[in-house]
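Every number in this text was worked out from the coordinates using simple rules, so none of it is lab data. Values in this document were obtained by computation on a predicted structure and should not be read as measured data. Quick reminder, even Gly has a Cβ in these numbers, built from the backbone with ideal geometry, and neighbours come from all protein chains shown.
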Amino acid sequence: MVDQCAKKITTSILFITGLLALLISSACNDTDRLVKAGWNKPTHISPIYVMTSDLNERSLQVVKDGVIKAQEYLGNYGPLKVFIIGTDVEAANVVAKEFCEWTYEGKGRIEECFYEDQGIEIRELAKYKSGSAYAETDGRQLSIPTRAVTIGNPPYDDPNDIGGYKVAIHEYTHIYQHAHISDEDDGIPNWLEEGSAELLAMFLAGKYEDYLNDSVKLSRELRENHPGLTIKDLENERSSEKLQKDCQECYWRLQSETGSLATVLLINQTSMDYFFKEYIPSIFYLGKEKAFENSFGFTIDEFYVTFEEFLNLTESEQLEILKPKS
Ligand SMILES: [Zn+2]
């Protein structure tokens, strides 16, 4: 009996140790695997554009222009397919199939994507004539990792609208951010991911100043209507989900406009180039917390305190602080 029990315990310990070793080595191997696959480095492979048959050349051009603009600044990360969806559900279905085959491997997983996951999202973009867009990095699991951007119905209604162009830059910025994340559980805080993508998109689209002024107004309005709401709430899954449920618009504003203002404070400590080309790539090797501290000299929690003080200033004081340093 004793022997048997001892053997059982030894076996369990061996099993747990083995499991831990496996977990640790698979985490290490994944970073190594991604490095070997060139995940966090620019490539010479050009993006491929896939568009539903009901859209015209103008939709393709506006998205291409946005992706090229973003690549000129951030570099060319790929292999990337950009899926552009119109309003014809049948046509969207054809593109959805190509999306799933590009992002996953194995019949089961591809079918799951097509019938239960992003396939539905893509068909819904067409069904609801939606202008939503997504950056997709599930393809990082493939032996040759892939990335994808999906954009619904560019360039939107107004002939002078920068919508489709700006959205393409925004989504490509997410592709770039995710190229520099080796561990998806240790990525960029949500407000920084969205805030910096929108900020760069507006900057490259030539709308930086207008966007900053609007962001100050909208963030102040949000603060007045929802006192106590902070970007830190976006880091906590429970408070983040609650906010999404209670006030979807507050959730978007907090991560876009308020998140952008927080990003500007970090950029003004350093520079736009430093933020995107030094800080973001360092996340791959250092992880979220260390990369932040290393780049800006304080922890994310310390920054939340500074940012709270900023949000409580007057409008003119805020605008003065946000002015680019030159
Ligand atoms: Zn986004």
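Restricting VAL62, VAL82, VAL50 to residues that are of a type outside the set (Gly, Ala, Ser), closer than 19 Å to ALA205 by Cβ and assigned to a strand (DSSP E or B) narrows the list to VAL82. There is no residue in the stretch 155-169 that is of a type in the set (A, V, I, L, M), within 15 Å of the ligand (Cβ to nearest atom) and closer than 18 Å to GLY38 by Cα. Being assigned to a helix (DSSP H, G or I) and farther than 23 Å from TYR279 by Cβ, is that true of even one residue in the stretch 143-164? Yes, there is a match, as at least one residue in the stretch 143-164 is assigned to a helix (DSSP H, G or I) and farther than 23 Å from TYR279 by Cβ. Which ones in the stretch 303-326 are loosely packed, with under 11 Cβ neighbours inside 10 Å and within 15 Å of ARG223 (Cα to Cα)? GLU309, ASN312, THR314 - these are the residues of the stretch 303-326 that are loosely packed, with under 11 Cβ neighbours inside 10 Å and within 15 Å of ARG223 (Cα to Cα).
Restricting the stretch 70-79 to residues that are assigned to a helix (DSSP H, G or I) and in contact with a helix residue (DSSP H, G or I) (Cβ under 8 Å, 6 or more places away or on another chain) leaves a set whose member that is surrounded by the fewest Cβ atoms within 10 Å (Cβ to Cβ) is TYR73. For the stretch 85-123, residues that are assigned to a loop (DSSP other than H, G, I, E, B) and more than 17 Å from GLY139 (Cα to Cα) total 3.
Taking only the stretch 209-236 into account, find how many residues are assigned to a helix (DSSP H, G or I) and of a type in the set (Val, Ile, Thr). Talk me through it step by step, then tell me what you get.
Narrowing the stretch 209-236 to residues assigned to a helix (DSSP H, G or I): 209-225, 231-234.
Now restrict to residues that are of a type in the set (Val, Ile, Thr): 216, 231.
So the count comes out to 2.
Return the total of residues in the stretch 118-152 being within 15 Å of the ligand (Cβ to nearest atom), aliphatic (A, V, I, L, M) and in contact (Cβ under 8 Å) with a residue 40 or more places away in the chain. Count: 4. Of everything in the stretch 185-209 that is farther than 19 Å from SER271 by Cα, more than 11 Å from the ligand (Cβ to nearest atom) and not small (Gly, Ala, Ser), the residue that is surrounded by the most Cβ atoms within 10 Å (Cβ to Cβ) is PRO189.
Considering (1) more than 13 Å from the ligand (Cβ to nearest atom); (2) farther than 19 Å from LEU266 by Cα; (3) assigned to a helix (DSSP H, G or I); (4) in contact (Cβ under 8 Å) with a residue 24 or more places away in the chain, the lone condition that SER182 does not fulfil carries the number (3).
The single condition among (1) farther than 17 Å from ALA197 by Cβ; (2) surrounded by fewer than 18 Cβ atoms within 10 Å (Cβ to Cβ); (3) in contact with a helix residue (DSSP H, G or I) (Cβ under 7 Å, 6 or more places away or on another chain) that SER295 does not satisfy is (2).
When the test is whether a residue is over 19 Å from ILE283 (Cβ atoms), within 12 Å of the ligand (Cβ to nearest atom) and aromatic (Phe, Trp, Tyr), TYR115 does not pass it.
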